1. Please work out if B:Leu577 is at pLDDT 95 or above, within 11 Å of chain A (Cβ to nearest Cβ), within 24 Å of the chain's Cα centre (by Cα) and under 27 Å from A:Ala539 (Cβ atoms).
2. Look at B:Gly69 and say whether it is of a type outside the set (D, E, K, R) and either touching a Gly at 6+ places or on another chain (Cβ under 9 Å) or surrounded by 19 or more Cβ atoms within 10 Å (Cβ to Cβ) (or both).
3. With the requirement that a residue be surrounded by 17 or more Cβ atoms within 10 Å (Cβ to Cβ), within 14 Å of chain A (Cβ to nearest Cβ) and more than 20 Å from B:Glu281 (Cα to Cα), what does the range B:136-170 give you?
4. Only one of (1) surrounded by fewer than 21 Cβ atoms within 10 Å (Cβ to Cβ); (2) free of Cβ contacts under 8 Å to residues at least 60 places away in the same chain fails for A:Ser251. Which number is that?
5. For B:Ala317, state whether it is within 27 Å of B:Ser121 (Cα to Cα), surrounded by fewer than 18 Cβ atoms within 10 Å (Cβ to Cβ) and either at pLDDT 95 or above or among the aliphatic types (A, V, I, L, M) (or both).
6. Output yes when any residue across the range A:36-44 is of a type in the set (A, V, I, L, M), exposed (fewer than 15 other Cβ atoms within 10 Å of the Cβ), more than 29 Å from A:Phe81 (Cβ to Cβ) and over 20 Å from the mean Cα position of the chain (by Cα), and no when none is.
7. Just checking, does the range B:167-185 include any residue being part of a strand (DSSP E or B), in contact with a helix residue (DSSP H, G or I) (Cβ under 9 Å, 6 or more places away or on another chain) and of a type in the set (Val, Ile, Thr)?
8. If you go through the range B:187-194 one residue at a time, do you hit one that is part of a loop (DSSP other than H, G, I, E, B) and either outside the structural domain of B:Pro216 (by TED's automatic domain parsing) or crowded, with 23+ Cβ neighbours inside 10 Å (or both)?
There are 2 protein chains.
Amino acid sequence: MPYQAPLKDMLFVMNELADLAAVNALPGNEDATADTAEAILEENAKFVSGVVAPLNAPSDKEPSWWHDGQVTTSKGFKEAFKQFGEAGWQGVQHPVEFGGQGLPKLFATPCIEMLNAGSISFALCPLLSDGAIEALLTAGSDEQKAIYLEKLVSGEWTGTMNLTEPQAGSDLAAVRTRAVPQGDGTYKVFGTKIFITYGEHDFSDNIVHLVLARTPDAPAGVKGISLFIVPKFLVNADGSLGERNDAHCVSIEHKLGIKASPTAVLQFGDHGGAIGTLVGEENRGLEYMFIMMNAARFGVGLQGIGLAERAYQKAVAFAKDRVQSRDLAGSAGPVSIIHHPDVRRMLMSMRSQTEAARALAYVGAGLSDVAHSHADAEVRKVNLAVYEYLVPIIKGWSTEMSQDVARDGVQVHGGMGFIEETGAAQHYRDAKILTIYEGTTAIQANDLVGRKTVRDGGAVARNILAQVRATEAALAGVDNVDFKAILGQLSAGSKDLEAVVDYVVANVKTDVKGVFSGSVLYLKLAGIVLGGWQMARAAVIAQQKLEAGEGDAAFYKAKIATARFFADHILSQASGLRNAIINGSAGVLALDIEQF
Amino acid sequence: MPYQAPLKDMLFVMNELADLAAVNALPGNEDATADTAEAILEENAKFVSGVVAPLNAPSDKEPSWWHDGQVTTSKGFKEAFKQFGEAGWQGVQHPVEFGGQGLPKLFATPCIEMLNAGSISFALCPLLSDGAIEALLTAGSDEQKAIYLEKLVSGEWTGTMNLTEPQAGSDLAAVRTRAVPQGDGTYKVFGTKIFITYGEHDFSDNIVHLVLARTPDAPAGVKGISLFIVPKFLVNADGSLGERNDAHCVSIEHKLGIKASPTAVLQFGDHGGAIGTLVGEENRGLEYMFIMMNAARFGVGLQGIGLAERAYQKAVAFAKDRVQSRDLAGSAGPVSIIHHPDVRRMLMSMRSQTEAARALAYVGAGLSDVAHSHADAEVRKVNLAVYEYLVPIIKGWSTEMSQDVARDGVQVHGGMGFIEETGAAQHYRDAKILTIYEGTTAIQANDLVGRKTVRDGGAVARNILAQVRATEAALAGVDNVDFKAILGQLSAGSKDLEAVVDYVVANVKTDVKGVFSGSVLYLKLAGIVLGGWQMARAAVIAQQKLEAGEGDAAFYKAKIATARFFADHILSQASGLRNAIINGSAGVLALDIEQF
């Protein structure tokens, strides 16, 4: 099944919802025009459709494999990664100084969505490199930047994030890996890291492991974690590769999905110690790692959106092709199943949620660009706060959504969906990791409740809700049945979200477990209300374009219909979520542990 | 992970909700006492936990395999099936006349749930045999009964259902397999059947294929389909096995889940014609097949419940064992993750939905027994109508629910859940077939709307809603916060369901596509309202027991808390579903096919 990048929707969202013009107006972004966006997206779409997307199904059948400490990746991956690096796709959002294209996050975002629609297993390697690059840009020494950044940006080397240990998954306070200073500026690292994505592979000459570890005198808990660069091969002063470092892949995991992406167990220091250098200052590792993680969390949200788009396209193609049963409203022979209302309902559910999540993520990318580059510090601060509120929602909601979409995708295929050769099942399997890695949905929800809502007393949330109200006013200005339905559901949903924010802020101190028992539901509620808000904004703009007789009328009509579907079918879930959050903690917490 | 049959809940549901005493009072059911139920369930639980459940994970890793037309099943399956037959478990609900135990469906139901909790792949073979036995009991000739029934009931032979062809999945009107009369009372059958569960295996000497085919002069469409017995080996007059029949397994499928269950492509008549005999009358095959299908659909609902229970138990065990992060309300060291509110929420969601679906299914089984055996024809008729209304809900809702539960089950395990060795992922993969085979959820929903709601103008649905109102009155008699919450959600949900029934009946003629675009949502709404009704009934009874100081107080308290959770978290989704059904069809149907 070929993948067709949804360029029309991507460009609509960039220009009309994520305010590309405002991003273009930021200092340093003079080249980031709408025309540049169109050209880059078209070029990226060609690369993904031509090179990456065809690898997705075959690489699932012949995953990467481990032998004697080496990992051979799936057929075609190595060559595709070479092309990816040489064409400059790793560097879209990274500084020109280190060989990147220096474009805004808003421009990199659709490229990352496309790459993940092509193959999540493939796209994971660049995603991890992006994180390593961000961390080094922020906290690396000039020497470290000089040694590593250009190679990472060009795709000659790749990066990894080494957080998890057997006893330390979500809880980084439990990290035990040790880093012992050698007196020469280097450290010897000892420990075992698990679940290391692309921890070993054959794409590149070197792999730049970023590793969380404790120095001998470090305090306990998360305040005693430092960040180290531990390359697979040491790097000589002239930039050439030196000795093999004592960091070895002892096995890779047998997984439900993303089988082509090697998930490594890495053993550091079993043969005398792995040589590493400290990034930034000691005991500030968690802070630096969060730079990588926030970028990676946003990226995982895009994985959900890309996967959902691909699953949707596959289901549409099958539904148009498969002939089965008569049309309910007709008496002629059998028709393609897209004529059947429940198939249509599933396709609209897949489509509307994918479009809503895309809009929310791209809007987030635009906010991040403003937060990064605007001349006015106050504007930067306000936009950063909104962006940071959105990150756990973009990660958590888009990925939960992708599982719903992948499940419907299999269902549309009927019995054929359960046969692996059809390919729909792969999306169902692949999707399941997205709500787990880079922080489970519960971890995102903890972030949303704690750092993003309680800390400022709900101020940012209410600022966003005020913007939703402005969209509600615009909806009220259009007098037709679709806009009335959208307004009704959005205004009910935004009231529900406001009530939940008030509840969270008012009760977190007196009833912390009660509030957190609804944290994931709050995240989902925020996702559907803010996703529905973006769909409503899109509908208002589409209506304006239609009234002005501008552009592609069929596209704008479909956008309004899709927004209507989202309102009636998805936004309408808000009241149930509100009840479960505000009244539902008693049921969550009533049983003693022995009663389970 | 060992499986512990939830005997206490099963017996509570049988006795208190499904009215075992009334079933025991039916003519011919004198032995079906509460004591017998307890003895049988305990014995079955021992067999499943000791013999079947340990095979589930290993058989997923080493599925059944095809070689030269033969299928070798997973290690241990053949021996387990032999024990299953010899112990009489295939015959629980079948007539004593043919070697069965002659017990009510209410007694067979928990046994089938347990067997599926043990291994869905294993349990599928008996499930198909049950269907074949039902069809032959209803429509077989005395000679056919004499040849086949005893062997099927004893498990010496097994049965299959051959409906699907490459061009005929949900749409049986498209069946092309031909049956040509030979003038000697036999037919020669020619055609290809796909997705035939246990169409070939090594459990038994013979396999009794029940095959849908068309005779030469049959009318087009579903009115021209007849049912044939086509055994793998012909049977001599003395009951011994004769020639190998021309029915061959040419391949088995490579599937997402239930890998140990062989899914066969069967070729009939490639070497001269497969010999078959007609079951009942020509052109009435669909009617007979529906006997098998209704039994099988109920059985697939039980598969969902069994899988959900197993996934829940696995998640509970992991959550009690895995230590990670501090307790939110405490400052001591890390605790087992069952202390974390979101883990608790997922476990309660899994538990409450499993219990609700179990209660609804067992109540359905009790109604079926009354419909089958009551002395008064009018009582039989009324109970049959309610049972038949419930069957698509028990099948559709319990299986959709099982996918939600299996997904949460993986999520509770975090990163470990994504590793195949952990075993949680198998449930997620296995569950996906349950909403597809024996009629997709949309097919169940068509049945619910068309045959079960529109045909009688919603009369049966309103009869059931009147019973829900009686439970609401009982809830109102208990003055505490849990019962107030349950009453609030149940009364709102039953009003939503009533509004939807009214909408369906009023609009199906003028807006058939609009009504059917909400059919699956109506099925889900009916599932949560009627499942919530059963949980409310359970809570009322639990409260009475507590007030009377009878029985296991911890069990009754947990039942009330679980009913409360279900009300706040699951029943509260009713209003959103009502809106999507009644107002949501415009969004479903707005796009032209080219716009997808």
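1. So B:Leu577 fits the description; yes.
2. Numbers: of a type outside the set (D, E, K, R): yes; either touching a Gly at 6+ places or on another chain (Cβ under 9 Å) or surrounded by 19 or more Cβ atoms within 10 Å (Cβ to Cβ) (or both): no.
Spelling it out, it is not the case that B:Gly69 is of a type outside the set (D, E, K, R) and either touching a Gly at 6+ places or on another chain (Cβ under 9 Å) or surrounded by 19 or more Cβ atoms within 10 Å (Cβ to Cβ) (or both).
3. Matches in the range B:136-170: B:Thr164, B:Glu165, B:Ala168, B:Gly169, B:Ser170.
4. The failed condition is (2).
5. Against the criterion (within 27 Å of B:Ser121 (Cα to Cα), surrounded by fewer than 18 Cβ atoms within 10 Å (Cβ to Cβ) and either at pLDDT 95 or above or among the aliphatic types (A, V, I, L, M) (or both)), B:Ala317 qualifies.
6. no
7. Looking through the range B:167-185, none of the residues is part of a strand (DSSP E or B), in contact with a helix residue (DSSP H, G or I) (Cβ under 9 Å, 6 or more places away or on another chain) and of a type in the set (Val, Ile, Thr).
8. No: the range B:187-194 contains no residue that is part of a loop (DSSP other than H, G, I, E, B) and either outside the structural domain of B:Pro216 (by TED's automatic domain parsing) or crowded, with 23+ Cβ neighbours inside 10 Å (or both).
The values are calculated or read from the model by the stated rules, or taken from the named source; none is laboratory data. Keep in mind that this is a model prediction, so the values were computed, not measured. So basically every Cβ, Gly included, is an ideal-geometry build from the backbone, and we count neighbours across all protein chains shown.
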